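Below: the structure, in structure tokens.
Bear in mind these aren't lab numbers, they're just calculated from the coordinates by the rules spelled out. No experiment lies behind these values; they were computed from the predicted model shown. So basically every Cβ, Gly included, is an ideal-geometry build from the backbone, and we count neighbours across all protein chains shown.
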Amino acid sequence: MLRGDQVRINGSGEISRDFCHVRNVVQANLLAATVQRAGALNEAYNIAVGRRTTLDELFVLLRDRLAARHPRLAGSRPAYGPPRSGDVMHSLADIDKARRLLGYEPTCSTEKGLDESLEWYERNSSRQVHAGAPLPPVGPRHDRPARGPRRVTTFATMAYIIVVNPAILSFAGIPVGPGRWRPSWPRSSATLLMGLYANRPIAVAPYMGENAFVAFGLAAIGATWPQMLGAVFVSGLVFLAITLLGVRAWLAEAISPSLKHAFAVGSASSWRSSACMRPVSSQRRRRDAPLALTGPGGLLRAPDVPLKVGDLRDPRVLLAVFGFLLIAVLLQRKVQAPCSSGIAATAVVGPSSGSARRRGRSLPCPSPAT
């Protein structure tokens, strides 16, 4: 239907089925796995909604939901073909046994299941369908789902590294200019390749934990920043080798899901903490920055705490709370580009209300020498 093709129904549109969303199946499996009643064990159950829906009714449900976002589909009609040999006219599951022994009750109706399925399908579809317009030719240069607000969101999400990256690397003694711009070229090039060649709306950037390893790990053992960058280069070669040999995929599969989630939470916490650390300017940065990280006896000292409990009377704290709540409301109301809209609104409200001020500074462009 999204492609503009006419839906074909084999036989009469009065053929009916008991369409069941997978959420009901998961619910029934959980009930069966935890049931304590002896008579409910080792039994076979029918799991469905317990209601018939004809193919004509299913078509109308699909069409009306799609037409709300694509008005050109409002007048579409199905085409009927000859019935297929062996098709059952009606099918309706008897779920009384599951209700009686398991306490099962379908929580996801056909209509609700369609709402969730269609939303997921359109959000994850590899094609961007525009109302009233035919699909563009399929190919790496024509099939580009990342448009408009998605591009802005991706850029705003990645732009923080322009500030955070040199702030972290400055602790290792790397000059602010090269620390800002040199890592930006590989990121932008890899992202362009991902979009133009691989045809995926995904931004590519190195793992930020590597910066912390350089600034707070290698610096603690007295390595110079050229040696640190050399170590990063060697690690990149090792990474490429294990990728080509298939070892990286094997390692990724060996990690448990809970540990993968822990990586994500830890990375997010690290980025948040890094973003709160004020960049060291070229005037204030010490040439012996690695030594500044060590205490008596050459041991790595505890760094300054970048995060503290905020004062709810502070306008800046209230501004941050406002931004988070606004994004949450926009997400709940399913507004397009909720994160970008919330960030933009907070950026406008801050200076206009006096809660934040513009610093009036721009990022210097690198000189050819750096």
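Averaged over residues, the count of other Cβ atoms within 10 Å places the peptides 68-75, 12-19 in the sequence 12-19, 68-75, highest first. The simple spin-label model puts a point 7 Å past each Cα toward its Cβ; for LEU325 and ALA44 those points are separated by 5.7 nm.
Across the range 185-261, the mean sequence separation of Cα contacts (distance under 8 Å, 6 or more residues apart), normalised by length, yields a relative contact order of 15 percent.
Protection proxy ranking of 312-320, 55-63, by the mean of other Cβ atoms within 10 Å over each peptide's residues and highest first, is 55-63, 312-320. Using θ = phi - 60° in the Karplus curve 6.51 cos²θ - 1.76 cosθ + 1.60, the 3J(HN,Hα) couplings for the range 46-51 round to 8, 10, 6, 8, x, 8 Hz; x is entered for Gly and Pro.
Work out the FRET efficiency for LEU2 and VAL22 from their Cβ-Cβ distance, taking R0 = 22 Å, and round it to the nearest 0.05. Rounded to the nearest 0.05, the efficiency is 0.50. Distances between placed amide hydrogens fall under 5 Å for TYR80 paired with ILE9, all partners being 5 or more residues away or on another chain. Based on the Cβ-Cβ distance of ASP64 and SER85, what FRET efficiency does E = 1/(1 + (r/R0)^6) give at R0 = 41 Å, to the nearest 0.05? FRET efficiency, ASP64 to SER85: 0.80. Given their separation in residues at 0.36 nm each and the Cα-Cα distance between them, THR34 and ARG313 gain 95.5 nm when the chain is fully extended. Hey, quick one: spin label on GLU122, modelled 7 Å out along Cα-Cβ, who in the range 51-76 has an amide N within reach, i.e. under 17 Å? 59-76, by backbone N distance to the label point.
Here the Karplus curve 6.51 cos²θ - 1.76 cosθ + 1.60, taken at θ = phi - 60°, turns the phi angles of the range 340-349 into couplings of 4, 5, x, 5, 5, 5, 5, 5, 7, 5 Hz, with x standing for Gly and Pro. With the simple spin-label model, which puts each label point 7 Å out from Cα in the Cβ direction, the ALA231 to GLU253 separation comes to 3.2 nm.
Using the Karplus relation 6.51 cos²θ - 1.76 cosθ + 1.60 with θ = phi - 60°, the per-residue 3J(HN,Hα) values for the range 107-123 come to 9, 10, 6, 4, 5, 5, x, 5, 4, 5, 5, 5, 4, 5, 5, 5, 6 Hz, with x marking Gly and Pro. Positive end of the dipole of the range 8-124 (Cβ unit charges, origin at the Cα centre): among ASN24, ASN10, SER91, the Cα lying farthest that way belongs to ASN10.
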